[in-house]
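Structure first, then comments.
Throughout, read-outs are computed from the coordinates displayed, never taken from laboratory work. Everything numeric in this text was worked out from a predicted model, so none of it was measured. Here the Cβ positions follow ideal geometry from the backbone for every residue, glycine too, while neighbour counts run over all protein chains shown.
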Amino acid sequence: MQSQSIPDGLFALMQRVHACARAQGLRCYLVGGFLRDQLLGRRPTFLNIDLMVERGALTLCQIIAEQLSGAYVLLDEALGAARVVLPIAAGRLELDISDARGPALDEDLRRRDFTINAIAIALEDWLRHPSAPHPLTDPLKGVEALARHQLLPCFPGTFEEDPVRIMRAFRFMAQLDFTLDPAATPLMQHAVPLLPRVAGERIRDELMAMCETNRAHGAFQALNALGVLDVLCPELRAGRGVEQGGYHHLDVLGHQLETVAQADRILADFAEFSEPLREPMAAHCAQTLVERRSRKALIKLAGLLHDIGKPSKRTVEPDGEIWFLGHEHAGVPLAAAIVDRLRFSTRESQMISALVLHHLRPGFLSREPQLTRRAIYRFFKDLGDHGPSCLLLWWSDRMATRGPKSRLDQLDQQRSRLEELLHAYFFQAEEVVRPQRLLDGHQLMRAFGLTSGPRIGELLAAIEEAQAEGRIHTAEEALQLAREQLHPPSLPSHDA
């Protein structure tokens, strides 16, 4: 097994945690994901450490929070589980402490989810050998499973005990690039109908963790094959087997899953775009609307949902052409229902809805022989900071649509238009996307004797658009434009 370096400040903090436990006469064991990742030589994206004690976890958490200036969070009073959030030099540590499930350490480990997480070490031993942890307690041969890169459930009833472990299995496979023990599949199938009893927040967190990886498509394909998507997102069922015709080489649901696959590929490194755009695109996708849930992950979720309105809008013309007119509008309430069930934040829900509603627009713009500044301005006016995400969703959608039927000359033209839009957003924002205001509402009211109201907003919008088009550049020109808007020239009379 490999080992990883210890994040700055962690060792000293864990020494203090150990001292708190010893003062209470408790022996702590380090278990779960942090130890697993350390044995794999994998640095986690955020610090979460699980500790187990025989008893008194809640009291110990409260003492640690008080003595180490942390924040105490009760997780499950009945199971004796709590969290302390502690500041360290490397960022923030979440320390989860729980009472043992059973009278012995082995019994606790055997009741966990997967054998790779059923490995433990006494905290005092870890402090002696923090870079190469030993000796380990490993009753289910989890270390061997780590070496084989294989995921095995700890016991046959693990998924029935907590159905969210089905989601965790595919999340671990996506994060770690592990394979699943074939014997686990029928155990999962038996527990799939129990998933609706799991809190939406827990399902959401597992889905988003999958989407943060570059293997979300494989996880979603597996969830689809197992019937999990039908249970969690029944709105997707209608797309299964719905032929699209034309340039599409997959049915509706197959296309939505393929869009996730293309997003996995595109968002991994942005290699197919011009070099100057790659860094700002990566920074945009790394932005979080809610802690630990990035735009990158939300783009992939939108990829899964973007055509959810198609089945209800499918028509077949007399010549055999298949159309889905208005499917983007029909898809918004369906996607919104899913993200609401999964307890996404309002900001995330707004982003998903915007991407579903506008996912066709970049395609229309890409067909233009030349993009006007007005078109660029209006696109970003409607999408705001979701604009680049919408463009990346469209490109994923586009690459998933035609498959082997794609023409290279069309791809080159469409990529060129896409890059024009991205370049305007990242490098010409003050000129084309969000021009600095030449006048404010108070100046307009004073200049024309107006009172506050919708008309002021309309005038400011007209001025901003004219700026973006390059038609006006000064406050005087803005006032003249407002004057023309308020008092348009009269048309000549044609009366006899």
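What is the Cα centroid distance between segment 203-231 and segment 235-266, reported in whole angstrom?
15 Å
Given 0.36 nm per residue, what is the gain on full extension from Thr451 to Thr346 after removing their alpha carbon distance, in nm? Walk me through the intermediate numbers first.
Working: separation 105, 0.36 × 105 = 37.80 nm, distance 3.33 nm.
The Thr451-Thr346 span can extend by a further 34.5 nm.
Please report, in debye to the nearest 20, how large the charge dipole of segment 269-433 is about its Cα centre when each Lys and Arg carries +1 at its beta carbon and each Asp and Glu carries -1 there.
Values: 24 positive and 22 negative charges, 93 e Å.
Around 440 debye, computed over segment 269-433.
Report the gain in length on full extension from Leu75 to Glu431: 0.36 nm times residue separation, minus Cα-Cα distance, nm rounded to one decimal.
On the way: separation 356, 0.36 × 356 = 128.16 nm, distance 4.96 nm.
Net length gain for the segment: 123.2 nm.
Which ³J(HN,Hα) values, rounded to whole Hz and listed in residue order, are derived for segment 463-475 from phi using the Karplus coefficients 6.51, -1.76 and 1.60 in 6.51 cos²θ - 1.76 cosθ + 1.60 with θ = phi - 60°, glycine and proline given as x?
5, 4, 5, 5, 4, 4, 6, x, 7, 10, 9, 10, 5
Tally Lys/Arg at +1 and Asp/Glu at -1 over every other residue whose Cβ is under 9 Å from the Cβ of Leu86; what's the total? All intermediate terms of the calculation are to be shown ahead of the outcome.
On the way: positive: Arg92; negative: Glu94.
Computed value for this residue: 0.
Nearest 10 degrees, 0 to 90: what angle lies between the long axis of helix 10-23 and the longest principal axis of the chain (Cα atoms)?
50 degrees
For Phe159, Phe11, Phe46, which order do you get if you count the other beta carbons within 10 Å of each Cβ and list the fewest first? All intermediate terms of the calculation are to be shown ahead of the outcome.
Numbers: Phe159 24, Phe11 14, Phe46 11.
Exposure proxy ranking, most exposed first: Phe46, Phe11, Phe159.
What stretch of the chain, leaving out the sites themselves, is the longest with no trypsin sites (Lys or Arg not before Pro) in a DSSP loop having at most 11 other Cβ atoms within 10 Å? The partial results should precede the final answer.
Numbers: sites that count: Arg367, Arg407.
Answer from the scan: 1-366.
Number of Lys pairs in the chain with C-alpha atoms less than 29 angstrom apart, excluding same-chain neighbours closer than eight positions?
Qualifying lysine pairs in the chain: 12.
How high is the relative contact order of segment 242-381, given as a whole-number percent (alpha carbon pairs under 8 Å, six or more residues apart)?
19 percent
If each DSSP helix of 4+ residues adds -39,500 (n - 2.57) and the sum is divided by the residues in the chain, what number results at 222 nm, nearest 500 deg cm²/dmol? Mind showing how you got there, number by number?
Working: 25 runs with 267 residues, N = 496.
Result for the chain, helices only: -16000 deg cm²/dmol.
Is there a quick way to get the dipole size of segment 209-270? I mean about its Cα centre, with the Cβ of Lys and Arg at +1 and of Asp and Glu at -1; what is the value in debye to the nearest 20? The partial results should precede the final answer.
On the way: 4 positive and 8 negative charges, 17 e Å.
Rounded to the nearest 20 debye, it is 80 debye.
Using 0.36 nm per residue, how much length does the chain from His329 to Phe11 gain when fully extended, once their Cα-Cα distance is taken away? Please list the in-between numbers first.
Values: separation 318, 0.36 × 318 = 114.48 nm, distance 5.33 nm.
Answer, rounded to one decimal: 109.2 nm.
For a quick size check, give me the Cα extents of segment 441-486 along its three principal axes, largest first, whole Å.
28, 18, 16
Quote the FRET efficiency, to the nearest 0.05, computed for Leu250 versus Ala104 with a Förster distance R0 of 60 Å and r equal to the Cβ-Cβ distance.
Details: r = 52 Å, r/R0 = 0.87.
The computed FRET efficiency comes out at 0.70.
First check a/c for the chain, with a ≥ b ≥ c the square roots of the eigenvalues of its C-alpha gyration tensor; if it is under 1.5, answer rounded, and if not, answer prolate when a/b is larger than b/c or oblate otherwise.
Working: a/c = 2.55, a/b = 1.73, b/c = 1.48.
Taking the square roots of the gyration eigenvalues as a ≥ b ≥ c, the chain is prolate.
Could you tell me which GluC sites (Glu not before Pro) in segment 1-80 are loop residues by DSSP with no more than 15 other beta carbons within 10 angstrom of their beta carbon? Before the final figure, lay out each step's value.
Working: sites: Glu54, Glu66, Glu77; in loops: Glu54, Glu77.
Hits after loop and neighbour filter: Glu77.
What ranking of Ile97, Ile49 emerges when the number of other C-beta atoms within 10 Å of each C-beta is taken as an exposure proxy, fewest first? Kindly include the intermediate steps, with their values, before the conclusion.
Working: Ile97 26, Ile49 23.
Listing Ile97, Ile49 from fewest to most nearby Cβ atoms yields Ile49, Ile97.
Relative to the Cα centre, what is the charge dipole magnitude of the chain, using +1 at the beta carbon of each Lys and Arg, -1 at the beta carbon of each Asp and Glu, and rounding to the nearest 20 debye? Show your work: numbers first, answer last.
On the way: 56 positive and 64 negative charges, 69 e Å.
About 320 debye.
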